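The values are calculated or read from the model by the stated rules, or taken from the named source; none is laboratory data. Not measured: the values here are computed from a predicted model. In this analysis, Cβ positions are derived from the backbone assuming ideal geometry, glycine residues included, and neighbour counts consider all displayed protein chains.
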Amino acid sequence: MAQSSKVSFSMHGVGVSGGIAIGNAHLVTNALVEVVHYHIPKKALVAEILRFENALARVRQDLEVIREQLPVNAPAELTAFINTHLMILADKHLSEEPKAIIEQELCNAEWALKQQMHELVAQFELIEDEYLRERKQDVVQVVERIIKVLLGHPSEAVQPDESAMILVAYDVSPADAIQFKHHQFAAFITDVGGATSHTAILARSLSIPSIVALHRARDLIRDGELIIVDGNYGIVIVNPDKDTLAEYRLRQEQWELEQQKLKRLKQTRAVTLDGVEVELHANIEVPSDVTKAKSVGATGIGLYRTEFLFMNRREMPAEEEQFTAYRTVAEMMKGLPVTIRTLDLGADKQMNPDAARSCTNPALGLRAIRLCLSEPQIFHTQLRAILRASHYGKIKILIPMLSSLSELRQTVTLLERAKESLRAENIPFDEEIKLGGMIEIPAAAINAEAFARELDFLSIGTNDLIQYALAIDRTDDAVSYLYKPSHPAVLKLIEMTIKAGNKLGKPVSVCGEMAGDVDFTRLLLSFGLRQFSMHPAHILTIKRQVLQTELEQAAPVARKIMNAYDIDKIEPLLAKLNQ
Ligand code: PEP
Ligand code: MG
């Protein structure tokens, strides 16, 4: 085989969308590296500024055309992402500042723009919040698009047989992705990005394997080289040998076969072998995620992260805009429960970088319910929008980051106030709307009984619970090896919370990543958990595990796990439980 003479190597990144793809590399050019610096004579200044303005206009027009021509089945996030790029393009930091640089330094437009981009990126780098920090990539993507126009690049054209093509890019902007023949490529891999980057979100909604943060993929991989992308494990194998290729072709077939088999479970009720029924709900971030949730048979939305509606913009979404989004989800779910979490923004997770306030310990700062209680007007608007939407479906309200009962009581008071304001205006809402709280701070888990007494339901946010219980920043790669859901202290906090809810007859759900991790399904069921909420991509795998679980058989091993105080003993016991 031709590729056997080429150097074979593998790379590791962050797998953000599962599955295996095998195909030929298509390198996407990185116009930024081609920018050179040159001086322009003073008399050419006006023409240079005009060249820059024309490039901006051309990019604006291109993006508008792409937006208009989106196919009907394109993920709805794409429009939002393209709108974000149009907003960045119009921002004076990109549209005006470079002109000042051209004028002051008498330099070429590409160079001025690149300088300004570095300036903006440096400001983004200072932001603690991972999601917001990653928005710098949107700026880079827009700048790259302008630079391509300035340099006279033709737009990327894709060669035949896109289905077996793997995009290798520094980054892939949503607009680029749609241009590559409406996602007919098999996978994409990028040098930058993180689990919450737009690229990652897009890959998940396109359901194609994808790996980000490979750092040097564009440098090391050549156009046309054969590559394997294993999105499940974040592995890229370049120029695989014959045996590796055969092995991965087999794995790919098995993965696809498994996905097909799993699809058959869509309508099956999730019931254990001993007849215990379990609810499998979906976590969503934008209304269009409901389509995916329904396609895998989710019986409700267990967590709607509303902060996505507030991010990447300069002004707060008005009540009407929020109402429309919440109502859309409620109506799409046709009477199935929709759990809307109130804003989980905070010191570290502001709407836009300008609003970000620096803070040494953002995860411990003014965020989520703390922020909402300190900004009652913002909270009031959101509560009214949620209440109004409750008239159109079965909506429940979920409060993030509760640590004390006083926060809960203040929330109840503000909720009553929002209800009163609607009654006064004769606006209908569900008078029986349920209020739940997220248990994601160890103090709340330890005190879960008190919360269960005053709330209608509890939802365990294991992502934050683990971070706070183990003092591990969930976004910091350097300590990720310590982030252990199977830590005995974490398991005890979860068990405690489930038992507290069950004792008082208040439903408990887990909506953190652990709910979608098949290794923990049996243990959580043994704790008495009957409701799981997760990324839609995991629902059918978890359902299969529920269908293959006999609680009576699992109980003694689960007890042993809870009696073990050492993670090294817990892990083999977990493996035994899952046999
Ligand atoms: C969690 O903390 O587990 C959770 C579900 O919330 P988020 O991941 O949005 O913080
Ligand atoms: Mg959380």
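Points worth noting:
- Figure legend. Inter-residue proximity from segment 365-393: first residues within 16 Å of ligand 2 (Cβ to nearest atom), second residues of a type in the set (S, T, N, Q) and outside any loop (DSSP other than H, G, I, E, B), beta-carbon distance below 7 Å, spacing 6+ or different chains. Indicated pairs: L366/S374; I369/T411.
- Candidates Y304, Y326, filtered to the one that is under 22 Å from R388 (Cβ atoms), more than 16 Å from ligand 2 (Cβ to nearest atom) and aromatic (F, W, Y): Y326
Residues checked against (1) surrounded by fewer than 17 Cβ atoms within 10 Å (Cβ to Cβ); (2) touching a residue at least 60 places away in the same chain (Cβ under 8 Å):
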position	(1), (2)
M11	no, yes
H26	no, yes
T29	yes, yes
V46	yes, no
V65	yes, no
H93	yes, no
A109	no, yes
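- Filtered residue count, segment 260-271, keeping only those that are in contact (Cβ under 8 Å) with a residue 12 or more places away in the chain and either more than 16 Å from K294 (Cβ to Cβ) or loosely packed, with under 11 Cβ neighbours inside 10 Å (or both): 2
- Cβ-Cβ distances below 9 Å connect the following pairs, each with a first residue in segment 446-465 that is in contact (Cβ under 8 Å) with a residue 60 or more places away in the chain, a second residue that is within 14 Å of ligand 1 (Cβ to nearest atom) and of a type in the set (D, E, K, R), and a separation of six or more residues or different chains: S459/R341; S459/E440; G461/E440; D464/E440; D464/R474.
Residues are listed down the side, and each one gets a yes or a no for (1) of a type in the set (S, T, Y); (2) over 26 Å from V14 (Cβ atoms):
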position	(1), (2)
A445	no, yes
E449	no, yes
I460	no, no
N463	no, no
I466	no, no
S486	yes, no
S533	yes, no
T541	yes, no
V546	no, yes
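- Qualifying residue in segment 265-284 (condition: at pLDDT below 95 and more than 30 Å from L551 (Cα to Cα)): no
- Test: residue in segment 266-274 that is basic (K, R) and touching an Asp or Glu at 6+ places or on another chain (Cβ under 9 Å): yes
- Filter result for E513 (in contact with a Ser or Thr (Cβ under 7 Å, 6 or more places away or on another chain) and either under 17 Å from D344 (Cβ atoms) or outside the structural domain of M562 (by TED's automatic domain parsing) (or both)): yes
- Only one entry of E552, E571 meets the criterion of being at pLDDT 95 or above and of a type in the set (D, E, K, R), and that entry is E552.
- Filter pass, A443 being within 16 Å of ligand 2 (Cβ to nearest atom) and either of a type outside the set (A, V, I, L, M) or touching a Ser or Thr at 6+ places or on another chain (Cβ under 9 Å) (or both): yes
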